[in-house]
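K.L.:
Below is a structure I'd like to ask you about.
The values are calculated or read from the model by the stated rules, or taken from the named source; none is laboratory data. Everything numeric here is computed off the predicted structure, so don't read it as measured data. So basically every Cβ, Gly included, is an ideal-geometry build from the backbone, and we count neighbours across all protein chains shown.
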Amino acid sequence: MKLFNLELITNKRKIIGFSTFLILLSLIGILYSTFNTAYKKPINLGMDFVGGNELRIERVCDEECSDISPDSVLENLRVVSKNKNLSNNIKLQFQNKNKLISIRTTYLSIEESNNLITNIENIIGPLNYESKNSRLIGPKLGKRLLTNCVSSLFVALFAISLYVSIRFDRKYALLALLALFHDLLIVFGIFSWLGIILSVEVNSLFAVSLLTIAGYSVNDTVVIFDRIRENLKSSNQGHNETIQLSVNESFRRTTFTSITTLIPLLTIILFGSYSLFWFSVSLSLGIIVGSYSSILLAPSFLLKD
């Protein structure tokens, strides 16, 4: 049992200081992304939200496809393309041993899309048009999807706030909500930094992960707060000692629940498809941060000085 004995009372300032550091780091990333990046938004929005074209097509190669730098292809595109702005908004990747080409662009008409494929074929060689696969999201549809995701997030947060307010008294409810917003802000901030450093884009699955994190975080906090509230009614120990005891009693259950949730997510990160990679990463981060805030941060605010 000593292995799981958390010294909440003596480490209160360290816990609050660590959370303050994470929040400030997240806010710096969000502000930097908004004012000092090309996309001028708090986070790098993907094609789902801004609209655009995604084209996938295979090269025709005798044996192995030659290694070609995406930067050199883009440089040649700027030379041959009539639309110079278009060539600056293309993201090009070679996959499957340089055989598969993935092309991401802003919204294009059919004629512009065909011209782009023709120019790329002139630069890198023949393409297999039977393998062509495209996905198109118009700018209006992308904007509507972004609005719907933001609206659903606010509705969910309002419903959670209402539930917590009814379930607990005002002080407990406020601290549970602070822990919730702490978790969401940190995950959002991490992905702002990932967009700045690694050009990671977020899509509709990121909004789903935020909703899941919100529910998971509140559930953990409610469990621990329930134990604290019950023990405060019956314990003969001091206020702070009772809170620390309650946290230690809930620690193993909360930690093991988080670990069992993280295991399948880590499996998806290591062995799953790329389309689910960042979704799994965001959920994993949310579970880790949410468990930390539920076990350490929220109860720390209940301690008396």
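K.L.:
Take segment 164-182 and flag every residue that is of a type outside the set (D, E, K, R), touching a residue at least 12 places away in the same chain (Cβ under 8 Å) and more than 17 Å from G290 (Cα to Cα).
P.N.:
Answer for segment 164-182, where residues must be of a type outside the set (D, E, K, R), touching a residue at least 12 places away in the same chain (Cβ under 8 Å) and more than 17 Å from G290 (Cα to Cα): just F168.
K.L.:
Listed residues N114, N119, N128; which is within 17 Å of S72 (Cβ to Cβ) and either at pLDDT below 80 or of a type in the set (S, T, N, Q) (or both)?
P.N.:
N119 is the lone residue from the list that is within 17 Å of S72 (Cβ to Cβ) and either at pLDDT below 80 or of a type in the set (S, T, N, Q) (or both).
K.L.:
Under 6 Å between Cβ atoms, at least 6 apart or on separate chains: pull out the pairs that start in segment 20-47 with a residue that is without any contact (Cβ under 8 Å) to a residue 40 or more places away in the chain and end on any residue that is surrounded by 13 or more Cβ atoms within 10 Å (Cβ to Cβ) and of a type outside the set (A, V, I, L, M, F, W, C).
P.N.:
That search, which allows pairs on different chains as well, returns T34/P42.
K.L.:
Let me ask another. Pick out the one residue from A176, A214, A207 that is assigned by TED's automatic domain parsing to the domain that holds N36, part of a helix (DSSP H, G or I) and over 15 Å from the mean Cα position of the chain (by Cα).
P.N.:
A176
Residue-wise test of (1) buried (at least 21 other Cβ atoms within 10 Å of the Cβ); (2) touching a helix residue (DSSP H, G or I) at 6+ places or on another chain (Cβ under 8 Å).
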position	(1), (2)
G189	yes, yes
N203	no, yes
F206	yes, yes
L211	no, yes
N219	no, no
V222	no, yes
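K.L.:
Among (1) aliphatic (A, V, I, L, M); (2) in contact (Cβ under 8 Å) with a residue 24 or more places away in the chain; (3) more than 25 Å from S102 (Cβ to Cβ), which single condition is L266 missing?
P.N.:
(2)
Condition check ((1) hydrophobic (A, V, I, L, M, F, W, C); (2) within 30 Å of K91 (Cα to Cα)) across all residues:
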| residue | (1), (2) |
| --- | --- |
| L174 | yes, no |
| F181 | yes, no |
| S192 | no, yes |
| L211 | yes, yes |
| N219 | no, no |
